[in-house]
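The values are calculated or read from the model by the stated rules, or taken from the named source; none is laboratory data. The model shown is predicted, which means the values in this text are computed figures rather than measured ones. Note that we place each Cβ from the backbone using ideal geometry, even for glycine, and neighbour counts take in every protein chain shown. Side chains are part of the model used for accessible areas, which takes the heavy atoms of the whole protein and leaves out ligands, DNA and RNA. Shrake-Rupley method; radii C 1.70, N 1.55, O 1.52, S 1.80 Å.
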Amino acid sequence: MKATWDRLEKNWMQFTVEVDADRFGSAVDQAFRKLVRQARIPGFRPGKAPRFIFERHYGKESLVQEALDTLIPEAYTEAVTQAEVEPIDRPEIDLESAEEGQPLVFKGKVQVKPDVKLGSLSGFGLTPPDVTVAQEQVDEQLARLQDRAAQLVPDDSGEVKEGSFTVIDFEGFIGGEPLEGGKGEDYTLEIGSKNFIPGFEEQLTGAKTGEVREVKVSFPEDYHAEHLRGQETSFNVTVKDVKRKELPPLDDSFASTVSRFQSLQELRSDIENRLKETAEEQADKEFRNKVIEAVSDAAEVELPEVLVHRRVHSLIDEFSHSLSHQGMTLENYTQATGKSHEELHQEFEEPARRSVKADLVLEAVTRQADLLVSESEVDAEFDAMAQLYKSQANDLAKLRRNVEYRERVKESLLKQKAVAHLVALNTPAAEK
């Protein structure tokens, strides 16, 4: 088999592939052996008709087409391997010659991964940030734990005030008619939480246990229910009980109640350590991103639009998945924001370009630095995943044997090595 490749503009390459006549003839023979078993020809059992009889009924073209359907993809793959190019999309193929007894010739073009011209890999003056944990941060975490452990106790004053937890019955009316869904009993409302319509909680301030108040409010103009926007509404509210939040004292007993530690000091130390670990992880992530961004900016590469387009869709899928955790669909989001799908694509295009360029640059770094990932390292990664996701052990065992998935894991590990290599080059010690 012969194959020639020529580079065109915008990451396109054209190719010509010639498959020798003997191989083409063998492919046609194999096509006959396959199709004759499926053929229904009067006077012959399946698979027993001579070739000239088969061709009389189905035409020689059917054999040639069947052979081409198998041989062209095989020959194209071999040509790609020989040329060591990396296609990023389906090829456009035109058949030049397919005469039995003659070489098979086809031509085409395909987009390939672009060449990356790396610039500087270090010397950007980047410094990992110092990580410190202020005692105020520890105090905030303790306050949150204290708030979770708080109890609601009767407020002896019986008066509603900011911070009170009031137990109320309420019923809403618009124009004298009951408001659908605007009725509740024994509802606990924290005054100041802003959980109700603006103005509702403020009008309960000063009310006493057992008191009935009329509260008049208007629904906001941006209220989620369109038919209620701007509507004036009155509520009959009965204050049934008034409670206050009682916080437990911050002492050793509190620490042993809310944690595995026996003293408040041990709990404070643990909180401080965990805050520092989180802060260090975030600082490391930010530093890595700055290094990747600096190295990417210093590199030159012509981005293929097909890769950018795919990455846009990938980012939108990730965004849609994130919205689902908030109980919202992508369609809900576009309706709420008034954004069209085209505008959403435009919004993600620049992040997609940066992401694609960073990936291409990191691949170039792995080649320049001769970075490799062994099969044992891939297996070690699967072992780590198995420890994290023990309930999915069977699925992971299947993926471990899947060649394509192993290759994806290898690519991910190789990318991590490239990032680690760049970070090492850009640490202050390495730059001296």
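List of remarks:
- Some residue of segment 60-70 being buried (at least 17 other Cβ atoms within 10 Å of the Cβ) and over 12 Å from Val28 (Cβ atoms): no
- The single condition among (1) surrounded by fewer than 16 Cβ atoms within 10 Å (Cβ to Cβ); (2) under 23 Å from the mean Cα position of the chain (by Cα) that Leu307 does not meet is (1).
- Residues of segment 198-240 satisfying the condition of being of a type in the set (A, V, I, L, M), within 16 Å of Gly184 (Cα to Cα) and surrounded by fewer than 18 Cβ atoms within 10 Å (Cβ to Cβ): Val212
- Restricting Glu136, Glu171, Glu162, Glu180 to residues that are under 26 Å from Lys194 (Cβ atoms) and touching a Gly at 6+ places or on another chain (Cβ under 6 Å) narrows the list to Glu162.
- Top-ranked residue in segment 399-432 [being in contact (Cβ under 8 Å) with a residue 40 or more places away in the chain and open to solvent by 50 Å² or more (accessible area, probe 1.4 Å); ranked as nearest to Leu126 (Cα to Cα)]: Pro428
- Some residue of segment 387-398 being open to solvent by 70 Å² or more (accessible area, probe 1.4 Å), of a type in the set (Ser, Thr, Tyr) and part of a helix (DSSP H, G or I): yes
- Of Lys48, Lys34, Lys10, Lys109, all but one fail to be of a type in the set (Lys, Arg) and assigned to a helix (DSSP H, G or I); the exception is Lys34.
- Single match in His341, His321, His313 (criterion: open to solvent by 80 Å² or more (accessible area, probe 1.4 Å), out of contact with any Pro (no Cβ under 7 Å at 6 or more places or on another chain) and under 30 Å from Lys290 (Cα atoms)): His321
- Wholly within segment 222-328, helices (runs of 4 or more DSSP H) carrying at least 3 residues that are within 22 Å of Glu136 (Cα to Cα): 252-258, 264-298
- All positions within segment 177-197 that are open to solvent by 60 Å² or more (accessible area, probe 1.4 Å) and either in a loop (DSSP other than H, G, I, E, B) or of a type in the set (Phe, Trp, Tyr) (or both): Tyr187, Lys194, Asn195
- Filtering segment 375-384 for residues that are open to solvent by less than 70 Å² (accessible area, probe 1.4 Å), modelled with pLDDT under 95, not in a helix (DSSP H, G or I) and not charged (D, E, K, R) leaves an empty set.
- Screening Gly59 against (1) touching a residue at least 24 places away in the same chain (Cβ under 8 Å); (2) more than 23 Å from Met1 (Cα to Cα); (3) not β-branched (Val, Ile, Thr) leaves a single unmet condition, (1).
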